[in-house]
Amino acid sequence: MTDRAGDLAGMAQVLWGEPPGPRRGPKPALSREGIARAAIEVADAEGLAAVSMQRVAAALGFTKMSLYRYVPGKTELVALMAESAIGVPPDLEAESGRGWRVRLDAWARALMEPMIRHPWTLEATVGPRVPGPNELAWVEAALTALEGTGLDGPERLDAVVTLTGHVRGIVQQAASVPGGAPEAQLGAVIRELMREHGARYPALAAAVDPAATGARDEAFDFGLARILDGLAALITARSG
């Protein structure tokens, strides 16, 4: 078995397998959930690169070897961290009477919240990996919201991927700027440049002029609305 195949097998076991069974004697002080929480605290404070089995063990007051009974290594630990940090999706059934668009809007906004709190989840959820039960529950919730729209399975799945990509893009931008308002900060820089160079870029100068457009930081709302508009047009075409 290759290292990659071994990593995937380890992820599957940690995310989908049963936790280690109880032993005789006192209740064990460690658990997968507790290990993941400790690792999340390290990643939130210092980034994913700071997470190691040794570091997490020290934070919990155990030896590194103690963790291996619950988590085989860092690859599996990161998968467990992402699964725990993203959590379960919102219950969209309360919005079911208001249509697919309201439900997907709520879904996208709910997905952004844990990713903004834990921006390292962007790095933790790329590349070959095994998604966990929580992650697949998010996909299931969005796909269910699109049932009855006339879109087929691949189209609905593509819609979920597109929405997820929009959320990830906004989170990535927010994570790169202190204060989490990249559009406002970039706009301020560009407006300052336009004071001197606006004649060379008249369309850009007009677009960022707060007197004409107001100060906005609405890239998430704008992009989400346009994606949903596109889906609405496709759904209308299917029904017609």
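The values are calculated or read from the model by the stated rules, or taken from the named source; none is laboratory data. In this text the structure is predicted, and so the values were computed from the model without any measurement. Positions of Cβ are generated from backbone atoms using ideal geometry, with glycine treated the same way; all protein chains shown enter the neighbour counts.
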Notebook entry, point to check: Is it fair to say Trp120 is under 21 Å from Glu33 (Cα atoms) and touching a residue at least 60 places away in the same chain (Cβ under 8 Å)?
Noted result: yes
Notebook entry, point to check: Could you list, in sequence order, the residues of the stretch 132-170 that are part of a loop (DSSP other than H, G, I, E, B) and either over 19 Å from the mean Cα position of the chain (by Cα) or surrounded by fewer than 19 Cβ atoms within 10 Å (Cβ to Cβ) (or both)?
Noted result: Leu146, Glu147, Gly148, Thr149, Gly150, Leu151, Asp152
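Condition check ((1) surrounded by fewer than 19 Cβ atoms within 10 Å (Cβ to Cβ); (2) at pLDDT 95 or above) across all residues:
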position	(1), (2)
Ser52	yes, yes
Ala57	no, yes
Ser66	yes, no
Arg69	yes, no
Pro72	yes, no
Leu77	no, yes
Met81	no, yes
Gly87	yes, yes
Glu95	yes, no
Next item on the list: Could you list all residues from the stretch 29-79 that are in contact with a Lys or Arg (Cβ under 8 Å, 6 or more places away or on another chain) and of a type in the set (Val, Ile, Thr)?
Entry: Val42, Val51, Val71
